[in-house]
Amino acid sequence: GDLDKVVNLLLSLSGRLARVETALGSLGPHAPAEDKLALREKQRLLVAQLEDAKELKEHVGRREEAVGAMVARYLPPEHLQDYQHFVKMKSALIAEQRELEEKIKLGKEQLRCLRESL
């Protein structure tokens, strides 16, 4: 459960940071200074939160290793391999699910914009 939460947190923060950086890059030279300042402050906060989330992920990783070592004492080798594969794939699948959800959201938004433009 913690792994799910941390991976989702990392994905959310990195997505938000990417959007802020895109917004900063799209501001023209004549954009109000307040807008630039607000976006830079938001960027600074997101970078700090992302670093904190990375530390959390490292902590969860260390705890996962400790649990894995404990589980290894009780499971036969073939079940241990299944467990290790499950844990490894879980993060990848969470990231893939999040990416697909973002693509669906983007597709719906594009479809809405197309319908409005017609």
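The values are calculated or read from the model by the stated rules, or taken from the named source; none is laboratory data. If you're wondering where the values come from, they're calculated on a predicted model, not measured in any experiment. Reconstructed Cβ throughout: ideal geometry from the backbone, glycine too, with neighbour counts over all protein chains shown. Only protein heavy atoms, including side chains, enter the accessible area calculation; ligands, DNA and RNA are left aside. Shrake-Rupley method; radii C 1.70, N 1.55, O 1.52, S 1.80 Å.
Quick rundown of the values:
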| item | result |
| --- | --- |
| Selected residue (criterion: farthest from the chain's Cα centre (by Cα)) from residues of the stretch 70-91 that are under 18 Å from K5 (Cβ atoms), open to solvent by 50 Å² or more (accessible area, probe 1.4 Å) and not charged (D, E, K, R) | F86 |
| Residue that is nearest to the chain's Cα centre (by Cα), among those in the stretch 1-34 that are open to solvent by 70 Å² or more (accessible area, probe 1.4 Å) and among the acidic types (D, E) | E21 |
| Near pairs, Cβ below 8 angstrom, 6+ apart or cross-chain, from the stretch 81-98 (in a helix (DSSP H, G or I)) to any residue that is open to solvent by 50 Å² or more (accessible area, probe 1.4 Å) | Y83/L75; V87/E64; I94/N8; I94/L11; A95/L11; R98/N8; R98/L11 |
| Which listed residue is open to solvent by 90 Å² or more (accessible area, probe 1.4 Å), touching a residue at least 24 places away in the same chain (Cβ under 8 Å) and either in the same structural domain as H85 (by the TED database) or not hydroxyl-bearing (S, T, Y) (or both), from R40, R63 | R63 |
| So E34, is it assigned by the TED database to the domain that holds D4, among the acidic types (D, E) and within 26 Å of K5 (Cα to Cα) | no |
